[in-house]
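Here is the structure we will look at.
All of the numbers you see were taken from the coordinates with simple rules; none came from a lab. A quick note: this is a predicted structure, and the numbers were derived from the prediction, not measured. Methodologically, a virtual Cβ is constructed for each residue, glycine included, from the backbone with ideal geometry; neighbour enumeration extends over all protein chains shown.
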Amino acid sequence: MIGVTLLTPRNLAALLSLTLLAAGCQCAPKPGPFDAGEKDGGPTTKPDAGPMNDGGPDIDPDGGLFYPSFTAAEPCPPGSDTLEVQDTDGGIIDGGELPDGGFVVWGLCAALRNFDGTATLNGQGATGINLRFESGDYKAEAEPATDAFGKFHLKVLKGRYDLLKYHPAGVFSTHQGHEEFGNIDLNKDQSRDLAVRSHVLRGGAIFANLPFLPQQSPPDLAIEAPGFPPTQLVSTTSVGGGYEVNLLEGVFGIYLNVEPKALGGTQLVRYPMTTSLNFSADSVFDINIDAHEVEGEVKIDGAPIPDRQPGEDFTLEYTPTGGSSPVAITHHEGGLSNIHSLIPSGKYTVNLNMESKPDRSLPSRIYGKQVSPQLDLTNQNQQLNVDMKTFKIEGGILIDGQPPKYSVSDYFTLYMLALPDALYPSNLLYFEVPLDSGTFELKAFPANYYALLALDNSLADDLAAGWFLINKYFQVQSDTKLPIVVETAVLDGKITIDGKPPPGGKPVGQFTFQSRTVTQSSFFYRTVTPAEDGSFRVRVPKGSYEVNFYIDNHTFPEYASGRYRMVSRLDLDHPQTLNFDYKSVLVTGPIRVGGRLVENNTGGPEVGLNLRRMQDGTDWDWNQEGGSTHYRMRIPDGDYMMWFKLNRDAYPDTAWGNAPMGVRLPVHLPMPAASK
């Protein structure tokens with residue numbers, strides 16, 4: 001970071017105040033009072049808009065600013081603050097000639113530190129290594145090349161990182177999981193030797209006294225090993241009822257993920273084998289899972305679950321009693337009511353899930369429908385006979401008194417969340433009903449539902465997308481009716497970007513509408529593609545909303561994108577017109593990484609910023625391609641914390657990621673002087 005200079009037609013000498021990230025930080029010595037000419041002997045710049053420096057190449061570019069010693073920011077090199085802004089006619093202009101009344105000059109310079117070391121696996125030089133540097137809300141990652149001895153050289157954004165993680169490629173072909181090596185202070189160059197060891201884990205793979213049936217793609221057996229080191233993952237194809245993998249040494253649990261085809265239709269999901277395995281040498285660990293049969297019928301209203309698609313139509317999930325996640329899932333085709341499965345020994349709650357195609361009456365998706373509160377498979381086989389009763393729901397949809405647009409290819413989506421009570425556990429139903437009529441006749445299980453309708457412009461022109469609350473407590477205890485009436489209000493107007501109409505036919509950004517009404521907790525959004533004069537039109541269900549805008553940074557690549565509040569409360573119980581000018585401030589200045597120019601190496605953005613606006617806590621994102629000595633970023637007025645961002649392959653032998661800059665970016669233009 002360098003000092004910040006504000007250039008406006010009224011006052012080219014105004015300087016913005018600078019604020020450190022945190023009080024009491026460890027900072028480099030401050031070179032005396034605020035004096036932009038102190039280092040080079042030039043004229044003094046005063047906070048009260050005294051004489052300005054002449055802008056020549058010998059100016060101290062940081063304006064006397066001092067920097068936290070533990071963040072990525074560093075002073076820009078002398079001479080780098082010479083700013084040339086190209087006018088539209090090809091000439092060179094200064095800040096006072098900009099049509100928007102001025103801009104902020106801010107040097108954006110990030111420091112790199114060297115990280116050298118040796119990476120080994122089992123005492124040999126490692127290849128294909130992956131390094132990660134993590135600390136709270138910032139991180140970096142790299143895959144440096146190594147020589148025959150495992151030596152590597154790398155540059156990383158300056159900062160303190162809580163964790164250094166290392167993973168070599170040679171553990172096992174499918175192995176994932178890093179060894180942790182504690183914190184690393186990259187405010188200075190560092191060197192580390194990273195050494196890990198791996199061993200063979202092998203054993204039998206038996207389920208219900210039968211060997212696993214080998215599967216190639218994906219492999220039938222995956223092992224998850226949480227502990228120390230943190231979670232490792234490895235998958236393999238079993239052979240002849242046995243398996244063999246390699247894992248990093250440590251102390252960890254063993255959990256299995258097994259494909260359903262390997263076990264006759266039963267899938268294992270994080271099935272626990274042991275919570276603690278001390279793994280310090282080649283070891284034998286047999287997988288031998290006892291199982292019992294579950295037979296019976298699963299029906300809806302006395303009939304098999306319909307066969308609506310190739311392959312499986314529904315699954316049964318077996319969650320251990322007292323647990324929160326299933327460890328076994330069985331897969332079943334529709335059209336047949338009979339089920340027959342092998343399930344590991346234990347006591348389970350059994351839930352039904354279904355993901356199928358849109359249907360005129362039954363849900364296309366069912367999640368968490370309980371079919372048995374407890375099934376005891378500890379020592380015996382069990383019967384599971386289920387006939388799920390439904391009730392009829394008749395209704396229709398009217399939007400401003402009109403049925404939705406008819407379409408043979410679209411459908412409307414109704415979301416019904418069953419509220420848990422003493423009689424009915426929670427479950428979730430998705431209805432996806434063809435849009436060839438304004439009426440519907442659905443079937444739902446008895447429960448009390450939180451009911452929502454998905455809106456978008458397939459139902460009506462210019463309609464914002466989102467979830468419309470129909471009923472917070474819709475009771476289905478018998479055949480019933482559900483009329484859906486949506487009354488909308490039109491929001492229209494013109495949008496300009498810094499006083500200019502946006503390019504016609506391109507998306508300018510997205511409006512979001514967050515309900516401010518206690519009884520209506522809905523959220524809607526609409527991507528706006530205005531006409532050439534900037535005019536737009538959006539229909540939103542009637543209500544009171546906070547209206548926000550996210551600019552499209554593909555259409556406007558100079559602009560940082562984030563949530564910008566247009567109106568804190570807009571009453572849309574009747575048509576409203578809102579002419580909106582999205583105002584931003586140009587922030588520009590030299591940009592360097594490790595004292596070097598940012599090259600255009602990737603064909604896309606090489607660098608960027610993650611920003612957080614202090615006034616409202618909103619997050620913003622900005623990117624820029626390399627190849628320029630200076631950057632240009634437009635962002636609304638405010639104070640911003642910054643994290644510098646390097647994208648992958650932006651610099652050779654350099655980690656990609658982000659790191660805090662440690663100083664606050666004040667983006668403010670002065671108020672015009674009051675006329676006398």
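The label-point distance for SER69 and ASP479, in a model that sets each label 7 Å from Cα toward Cβ, rounds to 8.1 nm. Each of the peptides 156-168, 607-619, 539-551 was scored by the mean count of other Cβ atoms within 10 Å over its residues; in descending order, highest first, they stand as 156-168, 539-551, 607-619.
For segment 303-319, putting each phi into the Karplus relation 6.51 cos²θ - 1.76 cosθ + 1.60 with θ = phi - 60° gives couplings of 10, x, 4, x, 8, 10, 7, x, x, 6, 10, 8, 10, 10, 9, 10, 9 Hz, in residue order, rounded to whole numbers and with x for Gly and Pro. Segment GLN374..SER521, full-extension length gain: 49.3 nm, with 0.36 nm per residue of separation and the alpha-carbon distance subtracted. Calculated FRET efficiency, THR231 and GLU297, Cβ-Cβ r, R0 30 Å, to nearest 0.05? Efficiency, from the Cβ-Cβ distance: 0.15. The amide H of VAL585, built 1.01 Å from its N in the peptide plane, has ILE635, ASP637 as neighbours under 5 Å, considering only residues 5 or more places off or on other chains.
In order along segment 579-586, phi translates into HN-Hα couplings of 8, 10, 10, 7, 9, 9, 10, 6 Hz, rounded to whole numbers, per the Karplus curve 6.51 cos²θ - 1.76 cosθ + 1.60 with θ = phi - 60° and x for Gly and Pro.
Computed from backbone phi, the HN-Hα couplings of segment 488-498 come to 10, 10, 8, 10, 10, x, 10, 10, 10, 10, 6 Hz, rounded to whole numbers (Karplus: 6.51 cos²θ - 1.76 cosθ + 1.60, θ = phi - 60°; Gly and Pro given as x).
Each Lys and Arg contributes +1 and each Asp and Glu -1, all at the Cβ; summed about the Cα centre of the chain, the dipole is approximately 1000 debye. Computed over the alpha-carbon pairs of segment 235-301, the distance histogram in 5 Å steps reads 4, 11, 20, 25, 15, 10, 6, 4, 3, 2, 1, 0 percent, short to long.
Report note on the peptides 346-357, 301-312, 562-573: ranked by the mean count of other C-beta atoms within 10 Å, highest first, their order is 346-357, 562-573, 301-312. The charge dipole of segment 594-676, taken about its Cα centre with unit charges on the Cβ atoms of Lys, Arg (+1), Asp and Glu (-1) only, comes to about 340 debye.
Scoring 366-372, 234-240, 575-581 by mean Cβ neighbours within 10 Å over their residues and listing the highest first yields 366-372, 234-240, 575-581.
FRET efficiency for the LEU398 to ASP581 pair, using the beta carbon distance and R₀ = 45 Å, is estimated at 0.80.
If you model the chain as an ellipsoid using its alpha carbon gyration tensor, with each semi-axis the square root of five times an eigenvalue, the axes come out at 54, 41, 18 Å, biggest first. Can you pull a Stokes-Einstein diffusion coefficient for segment 411-473 at 20 °C (1.002 mPa s), Rh from Kirkwood over Cα pairs, as a whole number of µm²/s? For the chosen part, D equals 168 µm²/s.
Gain on full extension, evaluated as 0.36 nm per residue between ASP410 and ARG270 minus their Cα-Cα distance, stands at 46.6 nm. Candidates THR349, VAL298, PRO310 compared by Cα position along the dipole of segment 292-388: farthest toward the positive end lies THR349, with charges placed on Cβ.
Specify which residue in the list GLY204, LEU163, HIS175 is farthest towards the positive end of the charge dipole of segment 157-230, using unit charges on the beta carbon of Lys, Arg (+1) and Asp, Glu (-1), about the Cα centre. Result: LEU163, furthest along the dipole toward the positive end.
If R0 is 56 Å, the Cβ-Cβ spacing of LEU210 and ASP185 corresponds to a FRET efficiency of close to 0.55. The length gained on full extension between ASN114 and GLU441, counted as 0.36 nm times the residue separation minus their Cα-Cα distance, comes to 111.0 nm. Amide H contacts under 5 Å for ILE289: ILE206, PHE207, ALA208, ASN209, restricted to partners 5 or more places along the chain or on a different chain, H placed in the peptide plane at 1.01 Å from N. Shape index of segment 114-196: Rg/Rh, with Rg the Cα radius of gyration and Rh the Kirkwood radius from the inverse mean 1/r over Cα pairs, equals 0.95. With the simple model of a label 7 Å out from the Cα in the direction of the Cβ, ASP307 to LYS357 spans 1.3 nm. Taking label points 7 Å from Cα along the Cα-to-Cβ direction, LYS472 and HIS340 give a separation of 5.1 nm.
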